[in-house]
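These notes are about the structure you will find just below.
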Amino acid sequence: MAGPTTAERGARQQEPSGPPPVRRLRPPRLRTIIILTLALVLLGAGGGWLFYGSQWLRVERVTVSGTRVLTSGQVREAADVPLGTPLVSLDTEAIESRLRRKLPRIDSVDVVRSWPREIGLKVAERTPVLLMENSGNAGGFVEVDDEGVRFATVSQAIRGVPLLKLAPSRSGSAGASLRRFGEGRLVREAVRAAAALPAAVARDTQVVKVRSYDAISLELSGGRTVAWGSAEKGAAKARTLTALMKAAPGARHFDVSVPTAPASSGS
C-alpha cells in the first residue's frame with residue numbers, strides 16, 4: 001500500500017495540536033464611551049424638559065365620572081386640580097384625600113392621568129341603607145351607608161330606605177348596652193340586621209328600631225312588626241322569618257330573635 005504523499009505529510013505537520021485560540025474582545029474606545037454618555041445625558045435632559053418644562057404635557061382638562069347625587073361641578077371644585085401643572089408631577093394622592101375630606105358622600109375615588117393633558121376623576125358614591133332623623137337645627141335626614149357611616153344630610157326621606165330609630169333606655173340593660181357599645185356600634189348593628197333581611201321583607205321595612213345591642217325590631221308596612229333580637233345569626237333569622245310568614249300569612253307580629261324557636265301572633 002502506498003504511504004501518504006508529500007502534500008499530505010505537510011498538511012498534517014501544519015495542523016494545530018491544541019484547542020483553537022480564544023479571541024479577546026477589544027475594550028470600547030474612549031471616543032465611543034464619550035459619545036454614548038453624551039447621548040444619554042441629552043436624552044435624559046430632553047425627557048425632563050418634555051415632562052416638566054414643555055407646554056405639551058400639562059393639565060388642561062378635568063373629567064368626572066361615576067357620580068349619582070353629586071354633580072361634576074361639585075367634584076371638580078372640591079378636587080381643586082391645579083390647571084397648568086405638569087401632568088407627571090401632579091399629586092394624585094393629595095387630590096383623592098381632598099375629595100374624601102370635602103365630600104363625605106364619596107366612598108372612593110381614582111385619580112387617573114390621561115396623557116397628554118387630562119386628569120380623570122372616577123368617583124364611587126356611598127349608598128344609603130338607613131336614614132336617621134337629623135337632630136340639628138337644619139332638620140332633614142342623615143344618610144347611613146352599609147358600613148354604618150353617617151355621610152350626608154338630605155331634606156326629604158328617600159323612598160325605599162328605612163328609618164333608623166335609636167331608642168335606648170338610659171337605665172337597665174338597655175342603658176348598659178348604650179354605655180358599653182356606644183351609639184356608633186348600635187348603628188352598625190342596625191345596618192347588619194338590615195343587610196340580612198330577606199328581599200321581600202326589606203322592601204316592606206319602614207323602620208329599624210334599636211333599643212339595645214340585642215333588642216332590634218322592625219316595623220313593616222300594614223302595621224306588622226318583627227322582633228329580630230341581636231344582629232347575630234342574620235342568615236338563619238332571615239330563613240326562619242320567610243318560612244314563618246308563609247306559614248302564618250295573616251299574622252301581624254313575628255319573633256325570630258331565637259331562630260330555632262320562632263313565634264307569630266295577631267291577625
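The values are calculated or read from the model by the stated rules, or taken from the named source; none is laboratory data. Note that this is a predicted model, so its numbers are computed, not measured. Cβ coordinates were reconstructed from backbone atoms using ideal geometry, including for glycine residues, and neighbour counts include every protein chain displayed.
Are any residues in the range 191-206 under 25 Å from the mean Cα position of the chain (by Cα) and within 9 Å of residue 218 (Cβ to Cβ), and if so, which ones?
193, 194, 197
Report whether or not residue 155 is within 30 Å of residue 197 (Cα to Cα) and loosely packed, with under 13 Cβ neighbours inside 10 Å.
It is true that residue 155 is within 30 Å of residue 197 (Cα to Cα) and loosely packed, with under 13 Cβ neighbours inside 10 Å.
Which of (1) surrounded by 16 or more Cβ atoms within 10 Å (Cβ to Cβ); (2) modelled with pLDDT under 95 does residue 184 not meet, given it meets every other one?
(1)
Return yes or no: is residue 131 within 30 Å of residue 58 (Cα to Cα) and touching a residue at least 12 places away in the same chain (Cβ under 8 Å)?
Criteria not met by residue 131.
Residues of the range 120-145 being at pLDDT below 95 and either farther than 19 Å from residue 207 by Cβ or not polar (S, T, N, Q) (or both), which ones?
Of everything in the range 120-145, those that are at pLDDT below 95 and either farther than 19 Å from residue 207 by Cβ or not polar (S, T, N, Q) (or both) turn out to be 133, 136, 137, 138, 139, 140.
Write out, first by first residue and then by second, each pair whose Cβ atoms fall under 7 Å of each other, whose residues are 6+ apart or on separate chains, and whose first residue, in the range 242-265, is exposed (fewer than 14 other Cβ atoms within 10 Å of the Cβ) and among the polar types (S, T, N, Q) while the second is part of a strand (DSSP E or B) and at pLDDT 95 or above.
Here the result reads 265/253, each pair linking the range 242-265 to a residue that is part of a strand (DSSP E or B) and at pLDDT 95 or above.
Only one of 231, 215, 199, 193 is over 21 Å from residue 250 (Cβ atoms) and surrounded by fewer than 16 Cβ atoms within 10 Å (Cβ to Cβ); which?
Being over 21 Å from residue 250 (Cβ atoms) and surrounded by fewer than 16 Cβ atoms within 10 Å (Cβ to Cβ) holds for just one of 231, 215, 199, 193, which is 199.
Check 81, 144 and return the single one that is touching a strand residue (DSSP E or B) at 6+ places or on another chain (Cβ under 8 Å) and assigned by TED's automatic domain parsing to the domain that holds residue 190.
On inspection, the qualifying residue turns out to be 144.
Within the range 56-75, how many residues are surrounded by 15 or more Cβ atoms within 10 Å (Cβ to Cβ) and either assigned to a strand (DSSP E or B) or of a type in the set (D, E, K, R) (or both)?
Matching residues across the range 56-75 total 3.
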